[in-house]
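S.K.: Here you go, one structure.
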Amino acid sequence: MDYTAQLDRCLNNLHEEGRYRTFIDIERQNGNFPHAMWRRPDGSEQPITVWCGNDYLGMGQNPAVLSAMHAAIDATGAGSGGTRNISGTTVHHKRLEAELADLHGKEAALLFTSAYIANDATLSTLPKLFPGLIIYSDALNHASMIEGVRRNGGAKRIFRHNDVEHLRELLAADDPAAPKLIAFESVYSMDGDFGPIEAICDLADEFGALTYIDEVHAVGMYGPRGAGVAERDRLMHRLDIINGTLAKAYGVMGGYIAANAKMCDAIRSYAPGFIFTTSLAPAIAAGAAASVAFLKTSEGQALRDRHQEQARALKLRLKGLGLPIIDHGSHIVPVIVGDPVHTKQLSDMLLDRFGIYVQPINFPTVPRGTERLRFTPSPVHGPDGTDRLIRAMDDLWSQCALNRAELSA
């Protein structure tokens, strides 16, 4: 095989479909986020405003978080020095796991280097612990959940997105004695819709199934202490395993599961994705613990309130322009473009002409024909920046519509 030619074919396919992904080189500015500096391909720099980041509450620049990280670096140095089993467990890791267990009202929590790894490692390990386990997975679950379910070697059933009746049919068709687990999300990140947590928990009780919920886009964001949608809806006690991230609303990095002590101990003992991975740097664990603790307080609730206000205001103004947005009541604001070429074109023009950075979302992240711009407003996006975004979208949307009409003529 001509390996180079084959790589060229693969990459050219992406270019031809208009969904080749490019990295935008930006430098975040501490204390000034969501403003950043964009380094253009020619080496020049341009100030921009980031409208697609996952640091939903601006905690990546919170003084309490930065102070904790500085203190940990001064005390412990840079890296952890090993896996959790081999010298990589520090007081900062234990403190963070205690904060997370307390956050979700569980006996224990287990840290991973990312929520992707937490999902993949946990879901691929559970059939080792429960032989014959059948996993029922929502059709729109995140790629990390899909990968974990796919790799575990056990039985799986895919139920239509948020379709509780379809899930019931699948559960009823299987052996009542077989161990079962239902895996789903609380907030689905591309459309911003909510999973039917209570209805799924009712089915789990009826059919004797465990429940596994991904709260990645909800932790820090919902509930009186930021534990997620399940806390907001007073359902945390009905969920067996909760997955979350420290890299979005908490502004740092890492992922975790929270569950009873025996479940966490078993995953810790059997999951290769945990056993053989170097642990998070102590400074990262310290910063994440400070962030989790901060967002449990009234100050954290004030940030959540301002964030929801910003999201509502942006959706209202985009609707006022007549743009095709999806609004399920969450903080995520998708604008459907429906074509990968024009989505990229719109993204490029927003960046180049207006200093507005929002990355195009294309297949396979979303289905073909639903390509979009996904805006993530935050409490640190000011009114001037929002006004600028609305004016830019009003100006450019009509231009892109004309271009689409010309291409289809």
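S.K.: When you look at K248, is it closer than 29 Å to I73 by Cα, out of contact with any helix residue (DSSP H, G or I) (no Cβ under 6 Å at 6 or more places or on another chain), crowded, with 21+ Cβ neighbours inside 10 Å and modelled with pLDDT of 95 or more, yes or no?
M.R.: yes
S.K.: Just give me the residues in segment 274-287 being closer than 26 Å to D240 by Cβ and surrounded by 21 or more Cβ atoms within 10 Å (Cβ to Cβ), in sequence order. Can you show your working first?
M.R.: Step one: of segment 274-287, the residues closer than 26 Å to D240 by Cβ are 274-277, 279-280, 285.
Scanning segment 274-287 gives F274, S279, L280, A285.
S.K.: Quick check on my filter: what residues within segment 113-170 are aliphatic (A, V, I, L, M), in contact with a strand residue (DSSP E or B) (Cβ under 9 Å, 6 or more places away or on another chain) and closer than 22 Å to D193 by Cβ? Outline the logic, then answer.
M.R.: Going residue by residue through segment 113-170, those that are aliphatic (A, V, I, L, M) are 115, 117-118, 121, 123, 126, 129, 133-135, 139-140, 143, 145-146, 149, 155, 158, 164, 167, 170.
Narrowing further to those that are in contact with a strand residue (DSSP E or B) (Cβ under 9 Å, 6 or more places away or on another chain): 115, 117-118, 121, 123, 126, 133-135, 139-140, 145-146, 149, 155, 158, 167, 170.
Within segment 113-170, A115, L123, I135, A139, L140, M145, I146, V149, I158, L167, L170 meet the criteria.
S.K.: Here is a follow-up. Checking I146 against (1) of a type in the set (V, I, T); (2) within 30 Å of A311 (Cβ to Cβ); (3) touching a residue at least 24 places away in the same chain (Cβ under 8 Å); (4) not in a loop (DSSP other than H, G, I, E, B), which test does it fail?
M.R.: Evaluating I146 over (1) of a type in the set (V, I, T); (2) within 30 Å of A311 (Cβ to Cβ); (3) touching a residue at least 24 places away in the same chain (Cβ under 8 Å); (4) not in a loop (DSSP other than H, G, I, E, B) leaves (3) as the failure.
S.K.: Of all residues in segment 288-321, count the ones that are out of contact with any strand residue (DSSP E or B) (no Cβ under 8 Å at 6 or more places or on another chain) and open to solvent by 60 Å² or more (accessible area, probe 1.4 Å). Working first, answer last.
M.R.: Step one: of segment 288-321, the residues out of contact with any strand residue (DSSP E or B) (no Cβ under 8 Å at 6 or more places or on another chain) are 288-310, 312-313, 316-317, 320-321.
Adding the requirement that they be open to solvent by 60 Å² or more (accessible area, probe 1.4 Å) leaves 298-299, 305-306, 309, 312, 316-317, 320.
Of the residues in that region, 9 qualify.
S.K.: Being open to solvent by less than 10 Å² (accessible area, probe 1.4 Å), within 20 Å of L57 (Cβ to Cβ) and among the aliphatic types (A, V, I, L, M) is the requirement here; does V380 meet it?
M.R.: No; evaluated as a whole, the condition is false for this residue.
S.K.: Which count do you get for residues in segment 1-39 that are in a loop (DSSP other than H, G, I, E, B) and among the aliphatic types (A, V, I, L, M)?
M.R.: 2
S.K.: Kindly indicate which of L246, L303, L235 is in contact with a Cys (Cβ under 8 Å, 6 or more places away or on another chain) and not β-branched (V, I, T).
M.R.: Selected residue: L235, the only one of L246, L303, L235 that is in contact with a Cys (Cβ under 8 Å, 6 or more places away or on another chain) and not β-branched (V, I, T).
S.K.: Please enumerate the residues belonging to segment 98-113 that are closer than 23 Å to N85 by Cα and of a type outside the set (G, A, S).
M.R.: E99, L100, K106, E107, L110, L111, F112, T113
S.K.: Just one of N62, N119, N32 is in contact with a helix residue (DSSP H, G or I) (Cβ under 9 Å, 6 or more places away or on another chain), of a type outside the set (V, I, T) and open to solvent by 60 Å² or more (accessible area, probe 1.4 Å); which is it?
M.R.: Exactly one of N62, N119, N32 is in contact with a helix residue (DSSP H, G or I) (Cβ under 9 Å, 6 or more places away or on another chain), of a type outside the set (V, I, T) and open to solvent by 60 Å² or more (accessible area, probe 1.4 Å), namely N32.
S.K.: What number of residues within segment 330-382 satisfy the criterion of being under 17 Å from the mean Cα position of the chain (by Cα), part of a loop (DSSP other than H, G, I, E, B) and within 25 Å of P196 (Cα to Cα)?
M.R.: Result for segment 330-382: 8.
S.K.: Just to be sure I understand, how many residues within segment 149-176 are assigned to a helix (DSSP H, G or I), open to solvent by 10 Å² or more (accessible area, probe 1.4 Å) and either closer than 14 Å to I213 by Cα or among the acidic types (D, E) (or both)? Write out each step before concluding.
M.R.: To start, the set of residues in segment 149-176 that are assigned to a helix (DSSP H, G or I) comprises 149-151, 164-173.
Narrowing the set further to residues that are open to solvent by 10 Å² or more (accessible area, probe 1.4 Å) leaves 150-151, 164-166, 168-170, 172-173.
So of that shortlist, the ones also either closer than 14 Å to I213 by Cα or among the acidic types (D, E) (or both) come out as 165, 169.
Counting residues in segment 149-176 that are assigned to a helix (DSSP H, G or I), open to solvent by 10 Å² or more (accessible area, probe 1.4 Å) and either closer than 14 Å to I213 by Cα or among the acidic types (D, E) (or both) gives 2.
S.K.: Within segment 251-265, take every residue that is in contact with a Ser or Thr (Cβ under 8 Å, 6 or more places away or on another chain) and of a type in the set (A, V, I, L, M, F, W, C) and give me the one that is least open to solvent (accessible area, probe 1.4 Å).
M.R.: My answer is I257.
S.K.: Now a separate question. Run down I24, I73, I48 and say which single residue is among the β-branched types (V, I, T), under 22 Å from D384 (Cα atoms) and touching a residue at least 12 places away in the same chain (Cβ under 8 Å). Outline the logic, then answer.
M.R.: Numbers: I24 fails: under 22 Å from D384 (Cα atoms); I73 fails: under 22 Å from D384 (Cα atoms).
Only one candidate qualifies: I48.
S.K.: Among (1) modelled with pLDDT under 95; (2) at positive phi, there is one condition V149 misses while meeting the rest; what is its number?
M.R.: (2)
For (1) under 30 Å from E299 (Cβ atoms); (2) open to solvent by 60 Å² or more (accessible area, probe 1.4 Å); (3) at pLDDT 95 or above, each residue gets a yes or a no:
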residue	(1), (2), (3)
T343	no, no, no
L350	no, no, yes
I361	no, no, no
P367	no, yes, no
L389	yes, no, yes
E406	no, yes, no
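S.K.: I've got another one for you. Taking only segment 229-268 into account, find how many residues are of a type in the set (G, A, S), touching a strand residue (DSSP E or B) at 6+ places or on another chain (Cβ under 7 Å) and closer than 28 Å to G208 by Cα.
M.R.: Adding up the residues that qualify gives 6.
S.K.: I would also like to ask the following. Could you please find all residues in segment 65-97 being assigned to a loop (DSSP other than H, G, I, E, B) and either basic (K, R) or open to solvent by 20 Å² or more (accessible area, probe 1.4 Å) (or both)?
M.R.: G77, A78, G79, G81, R84, N85, I86, S87, T89, T90
The values are calculated or read from the model by the stated rules, or taken from the named source; none is laboratory data. Only a predicted model underlies this, so the values are computations on that prediction, with no experimental measurement involved. No Cβ is skipped: glycine too gets one built from the backbone with ideal geometry, and neighbour counts run over all protein chains shown. Note: accessible area is taken over every heavy atom of the protein model, side chains too, but ligands, DNA and RNA are not part of it. Shrake-Rupley method; radii C 1.70, N 1.55, O 1.52, S 1.80 Å.
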